[in-house]
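The values are calculated or read from the model by the stated rules, or taken from the named source; none is laboratory data. It should be emphasised that the depicted structure is a prediction, and the values quoted were computed from it without experimental measurement. Neighbour counts run over all protein chains shown; Cβ positions are idealised from the backbone, glycine included. Protein only, heavy atoms only, side chains kept; ligands, DNA and RNA dropped before computing areas. Shrake-Rupley method; radii C 1.70, N 1.55, O 1.52, S 1.80 Å.
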Amino acid sequence: NYLSKKFKFALLIETSQKETEGYLQPYMSKREQIKELRKFIKKHPHTPEVINKYIELGKIFEQIKSRREAYWTYKSAIRKEGNNPEIIKIYLLLINSVRDKKSVLFKVYRDVSKRFPDDSRLADVYKEYAKMLEERKQKEEALKFYEIAARYASRKEQLNILKKSAKVYLASRDNQKALEVYNKILKNFLDMEKDVVGIYLSKISILSSQGK
């Protein structure tokens, strides 16, 4: 009876260990992947392949819920591989990793927009950065990035950006610029604008204020 109990206890321990190993296995394999990726990055800096390795490494950290490690992986890539033409891929992942941290996100937007002030891959970034600049009352910078974003947007999105720009100009008391935007909307987007009457009324209001 004693031996039977001892056997059952040993079997229980063995089963528990196997279950634990099975649970940890994905993390153990991730740990090996992390080790190999870090080794490659260290041995092959400034190569065409290294950006993809940083991306793989960051995504592994995201998968195992280590957001801090993912963040610093992307930051490290930007610091060490800043001249790599594919670094924009890293910036986009970094932006996604800090979306819930507004002050950090603003700094990333500012950094990437300074490095790449006119790149079609960053159209959405320019638009979001412009919104944040507008919130901070930096009207001129906001308008600059709204205009850049519009170059790469669909017609529908271009129209939305133009209307947003007109409002910013009006808020800044730059009625002439707002008038130019409204004229552009009526010239190029008449087929899409639903509130044509509203645009004309805004034009009339501006012209009246100018005594015309």
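For the range 130-195, take every pair of Cα atoms, bin their distances at 5 Å starting from 0, and report each bin as a whole percent.
4, 18, 30, 26, 16, 6, 1
According to the square roots a ≥ b ≥ c of the eigenvalues of the Cα gyration tensor, what is the shape class of the range 82-205, taking rounded for a/c under 1.5, prolate for a/b larger than b/c otherwise, and oblate for the remainder?
Note, shape of the range 82-205 comes out prolate.
Match the structure shown to one of the listed values [x] 31, 17, 17; [y] 33, 24, 13; [z] 55, 21, 14 of semi-axes √(5λ) of the Cα gyration tensor in Å, computed from it, and give that label.
From the options [x] 31, 17, 17; [y] 33, 24, 13; [z] 55, 21, 14, the structure gives [z].
Apply the Karplus curve 6.51 cos²θ - 1.76 cosθ + 1.60, θ = phi - 60°, to the phi angles in the range 80-91 and return the couplings in whole Hz, x for Gly and Pro.
8, 10, x, 8, 6, x, 8, 5, 4, 4, 5, 4
Label S66 and E36 with points 7 Å out from Cα along Cα→Cβ: what is the distance between them in nm?
Calculated label separation equals 1.6 nm.
Need one word for the range 112-154: rounded, prolate or oblate. Basis is the Cα gyration tensor (sqrt eigenvalues a ≥ b ≥ c); a/c below 1.5 gives rounded, then a/b vs b/c decides.
Taking the square roots of the gyration eigenvalues as a ≥ b ≥ c, the range 112-154 is prolate.
What does the charge dipole of the chain about its Cα centre add up to, to the nearest 20 debye, if the Cβ of each Lys and Arg holds +1 and the Cβ of each Asp and Glu holds -1?
The calculation lands at about 560 debye.
Rounded, prolate or oblate: which fits the range 65-152, taking a ≥ b ≥ c as square roots of the Cα gyration tensor eigenvalues, rounded meaning a/c under 1.5, else prolate when a/b beats b/c?
oblate
First measure r as the distance between the Cβ atoms of N175 and K114, then evaluate 1/(1 + (r/R0)^6) with R0 = 30 Å and state the FRET efficiency to the nearest 0.05.
Details: r = 31 Å, r/R0 = 1.02.
E(calc), rounded to 0.05, equals 0.45.
Test of understanding: what is the full-extension gain from K131 to R151, defined as 0.36 nm times their sequence separation minus their Cα-Cα distance?
Contour length minus the Cα-Cα distance gives 5.6 nm.
Probe of 1.4 angstrom, ligands and nucleic acids ignored: what's the accessible area per residue over the range 159-212, in square angstrom?
63 Å²
Would you kindly derive the ³J(HN,Hα) couplings of the range 61-77 from the backbone phi angles with the Karplus curve 6.51 cos²θ - 1.76 cosθ + 1.60 (θ = phi - 60°), listing them in order in whole Hz, with x for Gly and Pro?
Those phi angles translate into 4, 5, 5, 9, 6, 9, 5, 4, 5, 4, 4, 6, 5, 5, 5, 5, 4 Hz.
List the residues whose amide H sits under 5 Å from the amide H of D119, counting only those 5 or more places along or on another chain, with H placed 1.01 Å from N in the peptide plane.
Hits under the 5 Å cutoff: none.
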